[in-house]
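Down below is the structure, laid out as structure tokens.
Bear in mind these aren't lab numbers, they're just calculated from the coordinates by the rules spelled out. Keep in mind the model is a prediction, meaning the values are calculated, not measured. Note that each Cβ is placed from the backbone with ideal geometry, even for glycine, and that neighbours are counted across all protein chains shown.
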Amino acid sequence: MEITLAPREQIRGRVKMPGDKSISHRALILSALAEGTVEITGLLAAEDTRATRLCLQQLGVEFQEAGTKLLVRGRGLRGLQEPDDFLQAENSGTTARLFLGLLAGQPFFSVLTGDRSLRMRPMARVCKPLRQMGARIEGRQGGTLLPLAVRGGNLLPIRYRLPVASAQVKSALLLAGLYTCGRVELFEPGPSRDHTERMLSYLGGRLEKGAPGEIVLAAPCSLAAKKLKIPGDLSSAAFFLVAAALAPQGELLLEAVGVNPTRTGIIDVLQEMGAAVRVLNRKEVCGEPVADLWVQGGRPLTGVAINAPLIPRLVDEIPVLAVAALFAAGETVISGAGELRLKESDRLHALATELQKMGAAIKELPDGLVIQGGQKINGAVCSSHGDHRIAMALAVAALFARGETVVRGIETVDISFPGFFTLLNSLTA
Ligand code: S3P
């Protein structure tokens with residue numbers, strides 16, 4: 001599927017973003033392990049979270065839609081059943097990695113696979129520590145790529161230093177940690193998103209605060225069936241924040257968006273570039289900070305340096321930040337972002353290739369991008385590379401190009417943001 005986009009001057013309105021994708025995956029998985037029925041509000045209904053839900057169904061978890069809510073019949077930590085077929089994580093790295101941790105804890109056999117893109121993404125970072133805990137995980141390429149067969153159960157405690165700041169790896173080990181007879185002590189090289197820790201604590205998990213960068217989970221525990229309310233996804237809001245900041249007549253209010261400090265790098269960087277972005281009405285909902293975001297366009301932006309320590313706080317926002325940088329005076333250098341080559345697509349390559357087609361001065365580095373901003377870009381025929389965030393970033397670029405842009409492969413936005421193009425169209429009309 002493709003879309004043709006014309007340049008726009010304005011983007012205005014007051015909107016809610018779809019539910020946070022990371023928090024939605026965790027809400028589904030932890031509810032399935034709770035002692036009773038959990039009511040979830042604001043869950044993201046998209047392809048990635050659908051994959052998590054279907055995998056849980058194969059483990060015997062029942063779901064019931066109740067208007068805008070989803071009821072999850074928790075089975076307790078020990079209530080999951082052996083699946084009678086492959087578990088299909090589709091395009092979702094979070095489903096795959098969190099499930100490897102969950103399955104490692106189960107006293108049964110399971111096989112997990114994914115789509116073409118996911119079957120190429122590295123799983124060794126999760127399998128290695130899980131094997132250290134005693135899980136048996138087999139697969140091709142030395143057991144590092146999906147499909148992976150897991151025979152879990154009888155896990156040992158672990159003390160482990162993560163080689164990369166990855167919330168997916170950390171979360172896999174915490175889920176496995178629910179099934180050990182002792183403690184899981186993790187050390188992060190940098191702060192990655194902490195939604196698993198927050199939700200586990202909220203549901204009664206025994207998380208202890210260690211030294212900075214240290215996460216400790218003491219088992220055993222049980223998880224309470226408490227209501228969960230999911231905030232809007234800041235990673236989805238990012239496309240609208242950038243579009244409104246770039247539009248001569250841009251003004252948006254994005255309501256009830258998650259502003260967990262491990263995710264707000266996009267807000268800090270846009271403000272540093274000179275954009276008018278404000279965080280209003282802060283509150284806490286189910287252990288997560290939530291706020292309304294206001295953004296106004298028409299301000300001149302300047303290029304910035306985005307380097308390694310900041311990357312985990314905006315890892316999914318690099319595609320749309322690269323677009324913002326095209327319209328900022330001077331140079332923007334993104335470095336220490338090699339992890340982007342391992343996402344749904346090689347995002348550094350995809351961005352450089354597609355934005356060059358629009359005439360942008362953007363150069364690929366081994367671990368980043370160099371963007372010369374402040375030059376006009378032209379409409380072109382571009383590809384999403386099968387990656388939802390590349391498709392949406394290109395759509396934002398198209399709004400400020402000369403002439404029409406065609407974005408091919410837009411069906412991929414359903415991974416995280418069904419209705420993205422309808423919303424973009426209505427706010428820019
Ligand atoms: C996610 C963690 C990040 C992020 C991904 C979602 C999560 O991946 O890029 O989109 O929900 O835990 P890594 O853990 O690989 O950094």
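Scaling against 2.2 N^0.38 Å puts the C-alpha radius of gyration of region 1-123 at 1.24.
Taking every alpha-carbon pair under 8 Å whose residues sit at least 6 apart, the chain reaches a relative contact order of 18 percent.
Taking other Cβ atoms within 10 Å as a rough exposure proxy, Ile410, Ile23 sort from fewest to most as Ile410, Ile23.
Charge dipole of the chain (Cα centre as origin; +1 on each Lys and Arg Cβ, -1 on each Asp and Glu Cβ, all else neutral): 680 debye, rounded to the nearest 20. With a simple spin-label model that places each label point 7 Å from the Cα along the Cα-to-Cβ direction, the separation between Thr302 and Gln132 comes to 4.4 nm.
Sorted ascending by nearby beta carbons within 10 Å, beginning with the fewest, Arg131, Arg121 become Arg131, Arg121. Placing pseudo-labels 7 Å out from each Cα toward the beta carbon at Ala276 and Asp85 gives an inter-label distance of 5.4 nm. The aspartates and glutamates whose alpha-carbon is closer than 15 Å to the alpha-carbon of Lys16, local same-chain residues fewer than 8 away aside, are Asp233, Glu251, Glu255, Asp292.
The gain in end-to-end length when the Met1 to Gln375 segment is fully stretched comes to 131.7 nm, 0.36 nm per residue minus the alpha carbon separation.
Please figure out what share of the DSSP beta bridges in region 21-229 is antiparallel and state it in percent, rounded to the nearest 5. Walk me through the intermediate numbers first.
Numbers: 26 of 36 bridges.
Of all bridge pairs located within region 21-229, approximately 70 percent are antiparallel.
Less than 29 Å apart at the alpha-carbon level, and either on another chain or at least 8 residues along: which lysines does that give for Lys363? Straight-line reach from Lys363, under 29 Å: Lys343, Lys376. Relative contact order of region 311-429: 24 percent, from C-alpha pairs under 8 Å at least 6 residues apart in sequence.
Full extension of the segment from Gln356 to Val406, taken as 0.36 nm per residue of separation minus the current Cα-Cα distance, would add 16.6 nm.
Normalised by 2.2 N^0.38 Å, where N is the number of residues, the alpha-carbon radius of gyration of the chain equals 0.96. In plain terms, the chain from Gln10 to Leu365 could stretch by 124.5 nm, reckoned as 0.36 nm per residue minus the Cα-Cα distance.
Taking a point 7 Å from the Cα of Asp268 along the Cα-to-Cβ direction, the residues of region 180-210 with backbone N closer than 20 Å to it are 188-198. Per-residue ellipticity at 222 nm, computed for the chain from helices alone with -39500 (n - 2.57) per DSSP H run of at least four residues, works out to -9000 deg cm²/dmol. If you plug the beta carbon distance of Glu214 and Leu342 into 1/(1 + (r/R0)^6) with R0 = 30 Å, you get a FRET efficiency near 0.75.
Counting only DSSP beta bridges whose two residues both lie in the chain, roughly 70 percent are antiparallel.
Working note: Debye formula, equal point scatterers on the alpha-carbon atoms of region 358-417, no solvent; log10 I(q)/I(0) at q = 0.30 Å⁻¹ is -1.17.
Spatial offset of region 325-377 relative to region 407-429 amounts to 22 Å, using the alpha carbon center of each. First measure r as the distance between the Cβ atoms of Glu284 and His349, then evaluate 1/(1 + (r/R0)^6) with R0 = 35 Å and state the FRET efficiency to the nearest 0.05. Efficiency, from the Cβ-Cβ distance: 0.35. With R₀ fixed at 30 Å, the C-beta to C-beta distance from Arg140 to Phe108 puts the FRET efficiency at about 0.85.
Note on region 21-229: lysine pairs with Cα distance below 19 Å, sequence gap of 8 or more or different chains, count 9. Charge dipole of region 21-229 (Cα centre as origin; +1 on each Lys and Arg Cβ, -1 on each Asp and Glu Cβ, all else neutral): 400 debye, rounded to the nearest 20. Look at the Cα gyration tensor of region 26-66: its axes a ≥ b ≥ c give a/c of at least 1.5 with a/b at or below b/c, and that counts as oblate.
All Cα-Cα separations within region 21-229 were binned at 10 Å from zero, giving a P(r) of 9, 39, 39, 12, 0, each value a whole percent of the pairs. Counting only DSSP beta bridges with both residues in region 268-381, the antiparallel share comes to about 80 percent. Projecting the Cα positions of Leu355, Val290, Gly79 onto the charge dipole of the chain (unit charges on Cβ atoms of Lys, Arg, Asp and Glu, taken about the Cα centre) puts Gly79 furthest along the positive direction.
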